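Pasting a structure here, questions to come.
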Amino acid sequence: MLDEKGRLFGKISVIDFVVVLGIVVLAAGFVYNRTSQDIRQIIAANTPIYVTFVVENVRDLSFAGIEVGDTFFRQHERIPLGQVVQITQQPAYDIITATDGTASYAPIENRYNMHITILGTGSITDAGFFVNGTQQMSTGGTMALQSNRFLATVRIYDVSAEL
């Protein structure tokens, strides 16, 4: 099989054969990985999807920077996720330590947790909610969200097909 010069069948060196074999295996693995993903079963296409984000511990200035009707995008992308349909705020809470050393869970002065609900169009699949066909929205996930006057890292609080 190997001759005196280390060639396989007298034609190709063993090192060249191993390199070519490695490239073929990597290419086959790449093609398999790209083409064998699970096919999502679309339950409802072009469906209104409501996504509620929570932004924690913000000041009044941030709350004033958002209005119903504003369009939100993922940061650095200009593909719209949806328009704001509802904005609510609640007092922000944290553990406050008093001068005597006792701790309590109390509201933070001049700080709020803001809930922003947007309405987008997307698909409901067996894998979850997808806004604009590509952006999966899952409760508990985080993302950088922006509008023309607002930018923050937000947590997805709720996703549903009904408000």
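Once the Cα gyration tensor of the chain is diagonalised, what are the square roots of 5 times its eigenvalues, in whole Å and ordered largest first, as equivalent ellipsoid semi-axes?
Equivalent-ellipsoid dimensions as semi-axes: 52, 24, 14 Å.
How much length is gained if the chain between residue 71 and residue 136 is pulled fully straight, taking 0.36 nm per residue apart and subtracting their Cα-Cα distance, in nm to one decimal?
The span from residue 71 to residue 136 would gain 21.6 nm if fully extended.
Now a separate question. If you place +1 on the Cβ of every Lys and Arg and -1 on the Cβ of every Asp and Glu, how big does the dipole about the Cα centre of the stretch 49-132 come out, in debye to the nearest 20?
On the way: 4 positive and 9 negative charges, 46 e Å.
So the dipole magnitude of the stretch 49-132 works out to roughly 220 debye.
Using r as the Cβ-Cβ distance of residue 153 and residue 102, and R0 as 35 Å, what FRET efficiency do you calculate, to the nearest 0.05?
Between residue 153 and residue 102 the formula returns 0.65.
Enter the accessible area per residue of the chain (Å², integer; probe 1.4 Å; all protein chains in place).
Per residue, the chain has 68 Å² of solvent-accessible surface.
Express in nm, to one decimal, how much length is gained between residue 127 and residue 46 on full extension, taking 0.36 nm for each residue of separation and deducting their alpha carbon distance.
Once the chain is fully extended between residue 127 and residue 46, it gains 27.6 nm.
In degrees, nearest 10, range 0 to 90: what is the angle between the Cα axis of helix 14-35 and the longest Cα principal axis of the chain?
40 degrees
Let me ask another. What ranking of 26, 81, 119, 21 comes out by heavy-atom accessible area, probe 1.4 Å, highest first?
26, 21, 119, 81
Can you tell me the order of 136-144, 55-63, 101-109 when each peptide is scored by its average per-residue count of other Cβ atoms within 10 angstrom, highest first?
My ranking of the peptides, most packed first, is 55-63, 136-144, 101-109.
The values are calculated or read from the model by the stated rules, or taken from the named source; none is laboratory data. It should be emphasised that the depicted structure is a prediction, and the values quoted were computed from it without experimental measurement. In this analysis, Cβ positions are derived from the backbone assuming ideal geometry, glycine residues included, and neighbour counts consider all displayed protein chains. SASA here: full protein model, heavy atoms, side chains in, ligands and nucleic acids out. Shrake-Rupley method; radii C 1.70, N 1.55, O 1.52, S 1.80 Å.
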